[in-house]
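Read the structure below first, then the notes.
The values are calculated or read from the model by the stated rules, or taken from the named source; none is laboratory data. In this text the structure is predicted, and so the values were computed from the model without any measurement. As a convention, Cβ positions derive from the backbone with ideal geometry for all residues, glycine included, and neighbour counts pool all protein chains shown.
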Ligand code: GTP
């Protein structure tokens, strides 16, 4: 297909505003999939994903559409829908020339809509506003258009009204896409540069890599090189997603396709990397910009309740890692908990949950379910930065390895910029919540008609456990949030150790702000008193100890005593 007949686009939307439903309609309307195959939402096909309510696996589809007598290829590039994946979203967007901005016409703009629009604007995309759910009695597309104009500053003259559910406006969307999306630049003659925007592990075929060709052409059998990892492979199979994988011999600049090349783990086909030819005379001089390593932000200890399950746990983690470039794990040994692993996850999804979408499914429960394990998962911890008295500052993910107060100069913790959008009546409760979590107030803006956006800078540590749940419950489900990491800041942080019968349980240690240590230590002891099986200890002394400049201080004023029955 000549580049001028290709349109590459993605759909950006807040959760539940109808992205998957619209994608289904587009596939159906262009006869990319027959209706009956749509019984289960086509783009949302992983069971586990459904349970989590998070679109983790990107899915991409190629559609053929005849418009004004010309055949066009429309490549839909799906973007992950969760706040933790902004890097992945940005790479998917860079693979496109336009984005449909889907907004629920009965709800208006939400935090995630804004965040994704800014990413799309950064990627220089043409943005086509789509007002969805106009079939609903509460839909007010004109109001939402005003909101888009005032808040984002987008012209809504070319916006489309639609109901993905009722199938209204679908043809308009396809027409607008073709007319407004710039065709990709035809750069077949330049060296090969493919942007990887997704990859997943298939147990039978190895890693399947999805890419957009920015320049050059790739052929089946080519020797290729991944420019950031420096690894080389043979392009055993390339093809298009129409929507199932269909092998082809050649793909050219502007196209979207998949690659199978005997790659064993997604770490080697990392999103954002650039594929070029291996031969030196055909190699691209530079990789495409914007590549970043996957860095886990949140760590926690996982211990099997039955020590005999240690090997199963290790195998399970290795399997998960094949498909999750950000997952890291290392063995950890705790006197109280036995042998386990310290695991690093990408973001809040590993521990948080999305309200209103079924049971929470953290990494821990996912492991338990998929691999039939029974696990103890310790409190999640962010990655701190520590400056020892002697030597350079370094990053630390295991609180029990924090040097003693006399041996360190300072501790710094990651801060995130948090944006919340809420109906006006919940501004007070949400500000209180943010303040309780050491948030630093930055900005507040009134959107249109009764909605406000509030911006805070907040320690990531305060967000990793249950911040999202509190945000939802304080706003009766109406507020939305988005965050991005900004920087490390030094704070008066201390380590809190928990001791059972005077013996510190290192896996339970965590780092927190000195001001919170007393209250949280006390609370924790009360909880543990309920949880620790009585038969394990005849008399069980629990205490929480906080560091002071001179050593440790017991912070539960009266030691709690749980006597066995
Ligand atoms: P995530 O996959 O969670 O990101 O959500 P999504 O944005 O893909 O939304 P999805 O397509 O799953 O739609 C969310 C809900 O809205 C579903 O219950 C849909 O049936 C419903 N829905 C989608 N489009 C319309 C529409 O045009 N009208 C009405 N009334 N409901 C719609």
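Out of the residues in region 1-20 that are at pLDDT 90 or above and in a helix (DSSP H, G or I), which is nearest to the ligand (Cβ to nearest atom)?
It comes out as 19.
Just give me the residues in region 507-530 being surrounded by fewer than 20 Cβ atoms within 10 Å (Cβ to Cβ) and under 18 Å from residue 411 (Cβ atoms), in sequence order.
The answer is 513, 514, 515, 516, 520.
Quick test for you: out of 427, 448, pick the one residue that is in contact with a helix residue (DSSP H, G or I) (Cβ under 7 Å, 6 or more places away or on another chain) and either crowded, with 20+ Cβ neighbours inside 10 Å or within 30 Å of residue 150 (Cα to Cα) (or both).
Working: 427 fails: in contact with a helix residue (DSSP H, G or I) (Cβ under 7 Å, 6 or more places away or on another chain).
Of 427, 448, the one residue that is in contact with a helix residue (DSSP H, G or I) (Cβ under 7 Å, 6 or more places away or on another chain) and either crowded, with 20+ Cβ neighbours inside 10 Å or within 30 Å of residue 150 (Cα to Cα) (or both) is 448.
Among the residues of region 173-183, are any within 15 Å of the ligand (Cβ to nearest atom) and in contact (Cβ under 8 Å) with a residue 60 or more places away in the chain?
Initially, region 173-183 is screened for residues within 15 Å of the ligand (Cβ to nearest atom), giving 173.
Adding the requirement that they be in contact (Cβ under 8 Å) with a residue 60 or more places away in the chain leaves 173.
So far as region 173-183 goes, yes, one or more of its residues are within 15 Å of the ligand (Cβ to nearest atom) and in contact (Cβ under 8 Å) with a residue 60 or more places away in the chain.
Among 207, 117, which is within 29 Å of the chain's Cα centre (by Cα), within 16 Å of the ligand (Cβ to nearest atom) and surrounded by 20 or more Cβ atoms within 10 Å (Cβ to Cβ)? Break it down into steps so the answer makes sense when it comes.
Working: 207 fails: within 16 Å of the ligand (Cβ to nearest atom).
The unique qualifying residue is 117.
For the condition in contact with a strand residue (DSSP E or B) (Cβ under 7 Å, 6 or more places away or on another chain) and within 27 Å of residue 333 (Cα to Cα), what is the one hit in 434, 499? Full working, then the answer.
Numbers: 434 fails: within 27 Å of residue 333 (Cα to Cα).
None of the other options fit; the residue is 499.
Given the structure, is residue 499 at pLDDT below 85, part of a helix (DSSP H, G or I) and closer than 20 Å to residue 544 by Cβ?
Numbers: at pLDDT below 85: yes; part of a helix (DSSP H, G or I): no; closer than 20 Å to residue 544 by Cβ: yes.
The answer is no for residue 499.
Does residue 406 fit the bill of being under 21 Å from the mean Cα position of the chain (by Cα) and surrounded by fewer than 19 Cβ atoms within 10 Å (Cβ to Cβ)? Spell out the reasoning first.
Details: under 21 Å from the mean Cα position of the chain (by Cα): no; surrounded by fewer than 19 Cβ atoms within 10 Å (Cβ to Cβ): yes.
So residue 406 fails the test.
If you check 284, 279, 261, which single one turns out to be over 17 Å from residue 199 (Cα atoms) and in contact with a strand residue (DSSP E or B) (Cβ under 6 Å, 6 or more places away or on another chain)? Steps first, answer last, please.
Values: 279 fails: in contact with a strand residue (DSSP E or B) (Cβ under 6 Å, 6 or more places away or on another chain); 261 fails: over 17 Å from residue 199 (Cα atoms).
Matching residue, one of 284, 279, 261: 284.
Please identify the pairs in which a residue from region 10-21 that is under 13 Å from residue 106 (Cα atoms) has its Cβ atom under 8 Å from the Cβ atom of a residue that is within 6 Å of the ligand (Cβ to nearest atom), counting only partners at least 6 apart or on another chain.
Every condition considered, the pairs that remain are 17/132; 17/133; 18/132; 18/133; 18/164; 18/165.
Between 71, 24, 124, 104, which is over 20 Å from the mean Cα position of the chain (by Cα), at pLDDT 90 or above and within 12 Å of the ligand (Cβ to nearest atom)?
Values: 71 fails: within 12 Å of the ligand (Cβ to nearest atom); 24 fails: at pLDDT 90 or above; 124 fails: within 12 Å of the ligand (Cβ to nearest atom).
One residue alone meets the criteria, 104.
In contact with a strand residue (DSSP E or B) (Cβ under 7 Å, 6 or more places away or on another chain) and closer than 24 Å to residue 85 by Cα, is that true of residue 302?
The answer is yes for residue 302.
Could you tell me whether region 152-170 includes any residue that is away from the ligand (no atom under 15 Å from the Cβ), free of Cβ contacts under 8 Å to residues at least 24 places away in the same chain and at positive phi?
Taking every residue of region 152-170 in turn, at least one turns out to be away from the ligand (no atom under 15 Å from the Cβ), free of Cβ contacts under 8 Å to residues at least 24 places away in the same chain and at positive phi.
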